[in-house]
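Report on one structure; see the data block that follows.
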Amino acid sequence: MQQNHIYLRNLDVDDLFILSSLLDHPKLNWIAKTLRLTPPAIAHRLRKYREHIPEFELSQKSNNSGYTLSEKTEQFCIKARRALKTLER
């Protein structure tokens, strides 16, 4: 649990938006369009999360319609969303 706070501290606001967006619609193109970033930029961020955050696990759906989040990843994204809401206050 304490470890999650360390990872959240190392994220920038764009990261928080990406992680929060994964909860709503875990599809790379949708997230990129919503955040006005390119799909390769989103893919790069997702790779960064996988490399640096042990509990970050995504698997691509077989029909290529987005990603499936593991339970731990979903919880991490929820914490990122809370952090983002705190910043918006």
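Taken together, the values in this text are just the output of simple stated rules run on the coordinates, not laboratory data. Bear in mind the structure is a predicted one, so any value in this text is a computation, not a measurement. Virtual Cβ from ideal backbone geometry, glycine too; neighbours counted across all protein chains shown.
Just need the relative contact order of the chain here, percent rounded to a whole number, with Cα pairs under 8 Å and 6+ apart.
Computed value for the chain: 32 percent relative contact order.
Return the distance in nm (one decimal) between the two label points of a simple spin-label model at residue 72 and residue 38, each offset 7 Å from Cα along Cα→Cβ.
Calculated label separation equals 3.2 nm.
How much FRET efficiency would the formula 1/(1 + (r/R0)^6) give for residue 62 and residue 23, where r is the Cβ-Cβ distance and R0 is 25 Å, rounded to 0.05?
Efficiency, rounded to the nearest 0.05: 0.75.
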